[in-house]
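Student: Input: one structure, supplied below.
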Amino acid sequence: EWFIAFSSIPMGNMSEMLQDGGNPYLGMVYGATTRIYEDIPNKSPVPMWKLWQDFDIKNAQMIGYWEENPVVNTNNEQVKATAFKHNGKTLVVLGNFNTKAETVSVNIDRKQLGLSFNKNTAILPDLGYMQSSGTMDITQPIKIEPKKAIFFILE
């Protein structure tokens, strides 16, 4: 079931993390989120759904760390990167799969993303309980808590 759900995302099959609401941070590395559970209010997918809608993620190209030539990668095997490329902007997810906090540097292939700018500031979208809005200098090391992720947009 897991293989079918995740491998069929490109064909329009919604992937949902059902066991205890899943991990909304790491799920997004694979383009997945959870359902709304009344008994698990701290894992509401509504902020993620809003990001998806605002970004128009349904029309984005998903480029994950598993690709032969990923567009974003880190210097740490425990932190996986996935990019969602769409209309001159890119949503990046850096997921820390380790049980301890990790600090990473990111490498972004701007040419492959079609980004002609040299801005080093990324936009942090508001994801409610998951992440506050703001900006981040992507040339500096990024600390990611255990089993969590950082979400940023390059424009």
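Quick note: the coordinates plus some simple rules give every number you see, no bench work behind them. In this text the structure is predicted, and so the values were computed from the model without any measurement. Heads up, the Cβs are rebuilt from the backbone with ideal geometry, glycines too, and the neighbour counts pull from every protein chain shown.
Student: With each label point set 7 Å from Cα along the Cα-Cβ vector, what nm distance links D137 and A101?
Tutor: In this crude spin-label approximation the distance works out to 1.9 nm.
Student: Taking 1 over the mean of 1/r across every pair of different Cα atoms in the stretch 91-138, what Kirkwood radius in Å do you get? Kindly include the intermediate steps, with their values, before the conclusion.
Tutor: Numbers: mean 1/r = 0.0778 Å⁻¹.
Kirkwood radius, the stretch 91-138: 12.9 Å.
Student: On a C-alpha basis, how far is the centre of the stretch 45-113 from the centre of the stretch 127-144 in Å? Whole number, if you could?
Tutor: Between the Cα centres of the stretch 45-113 and the stretch 127-144 lies a distance of 13 Å.
Student: By the gyration tensor of its Cα atoms, with a ≥ b ≥ c the square roots of the eigenvalues, what is the shape of the stretch 37-155: rounded for a/c under 1.5, prolate for a/b over b/c, or oblate? Don't jump to the answer; show the numbers that get you there.
Tutor: Numbers: a/c = 1.61, a/b = 1.20, b/c = 1.33.
Because a/c hits 1.5 or more and a/b fails to exceed b/c, the stretch 37-155 counts as oblate.
Student: Under 17 Å Cα-Cα from K148, which lysines qualify once same-chain neighbours fewer than 8 residues away are excluded?
Tutor: K43, K80, K100
Student: Continuing with the same structure: For G31, list long-range residues whose amide hydrogen, built 1.01 Å from N in the peptide plane, is under 5 Å from its own amide hydrogen.
Tutor: Amide H neighbours of G31: none.
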